[in-house]
1. Scan (1) of a type in the set (A, V, I, L, M); (2) surrounded by fewer than 17 Cβ atoms within 10 Å (Cβ to Cβ); (3) without any contact (Cβ under 8 Å) to a residue 60 or more places away in the chain for the single condition ALA80 breaks and write down its number.
2. Among the residues of region 23-51, which ones are assigned to a helix (DSSP H, G or I) and over 15 Å from the mean Cα position of the chain (by Cα)?
3. Filter region 31-58 down to residues that are among the aliphatic types (A, V, I, L, M) and in contact with a Leu (Cβ under 8 Å, 6 or more places away or on another chain) and give me whichever is surrounded by the most Cβ atoms within 10 Å (Cβ to Cβ).
4. Scan region 38-55 and report the pairs whose first residue is closer than 14 Å to MET97 by Cα and whose second residue is among the charged types (D, E, K, R) and assigned to a loop (DSSP other than H, G, I, E, B), with Cβ atoms within less than 6 Å and a gap of 6+ or a chain change.
5. Of everything in region 1-20, what is farther than 24 Å from GLY115 by Cβ, of a type in the set (D, E, K, R) and within 39 Å of the chain's Cα centre (by Cα)? Give them in sequence order.
6. Looking only at region 52-64, count every residue that is outside any helix (DSSP H, G or I) and under 17 Å from HIS95 (Cα atoms) and tell me the total.
7. Can you tell me which residues in region 21-40 are at pLDDT below 95 and farther than 13 Å from TYR113 by Cβ?
8. Which residues, counting only those in region 83-118, are surrounded by fewer than 14 Cβ atoms within 10 Å (Cβ to Cβ) and either in a strand (DSSP E or B) or on the phi > 0 side of the Ramachandran plot (or both)?
Amino acid sequence: MSDVVRVSMKWDNAKLSLANKNAVKGLFRLGFDIASQARRNAPYLTGALRNTIHVQETKDETTLEVIAGGTYAGYKVDYAMKREEGPNRDSSTEHYMENATRTIMSGDYLQKYFGDIL
């Protein structure tokens, strides 16, 4: 007879794997929705800035980024940050990325994007 009381718990690897897959899917859905909202928010002159907004996973697969700017159809779109920070002719388009993030990540976004983790 032992004088030790134990509570044993085991990892449910199948559940943890499913939770990880669902978390990754939720993060991608969140990123794509932020990118979509940023495209709607971005100033429109030629459409080049809006067309550069995309979701990208880092090479080491540890981070998901929503990116604006770069090259589109052979044209260098190097004004993404200037349009983000302003001033712009139309001040409603300033902070297009920041406002997109704020809009999408409001309300019950955790439930919407990550509620099905388990």
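The values are calculated or read from the model by the stated rules, or taken from the named source; none is laboratory data. What you are looking at is a predicted structure, and each value in this text was computed from that prediction instead of being measured. So basically every Cβ, Gly included, is an ideal-geometry build from the backbone, and we count neighbours across all protein chains shown.
1. The one condition ALA80 does not meet is (2).
2. Within region 23-51, the first condition is being assigned to a helix (DSSP H, G or I), and the residues that meet it are 23-41, 48-51.
Selection gives ARG40, ASN41, ALA48, LEU49, ARG50, ASN51.
3. Taking region 31-58 as the starting set, the residues that turn out to be among the aliphatic types (A, V, I, L, M) are 34-35, 38, 42, 45, 48-49, 53, 55.
Still in the running and in contact with a Leu (Cβ under 8 Å, 6 or more places away or on another chain): 42, 55.
Working: ALA42: 23, VAL55: 18.
Among those that are among the aliphatic types (A, V, I, L, M) and in contact with a Leu (Cβ under 8 Å, 6 or more places away or on another chain), it is ALA42.
4. Note: no pairs meet the criteria.
5. Residue satisfying the conditions is LYS10 alone.
6. Initially, region 52-64 is screened for residues outside any helix (DSSP H, G or I), giving 53-64.
If we keep only those that are under 17 Å from HIS95 (Cα atoms) as well, we get 53-54.
Residues in region 52-64 being outside any helix (DSSP H, G or I) and under 17 Å from HIS95 (Cα atoms): 2 in total.
7. Of everything in region 21-40, just one residue is at pLDDT below 95 and farther than 13 Å from TYR113 by Cβ, namely LYS21.
8. Residues of region 83-118 that are surrounded by fewer than 14 Cβ atoms within 10 Å (Cβ to Cβ), as a first pass: 85, 87, 89-92, 98, 102, 106-108, 110-111, 115-116, 118.
Passing the criteria: only GLY107.
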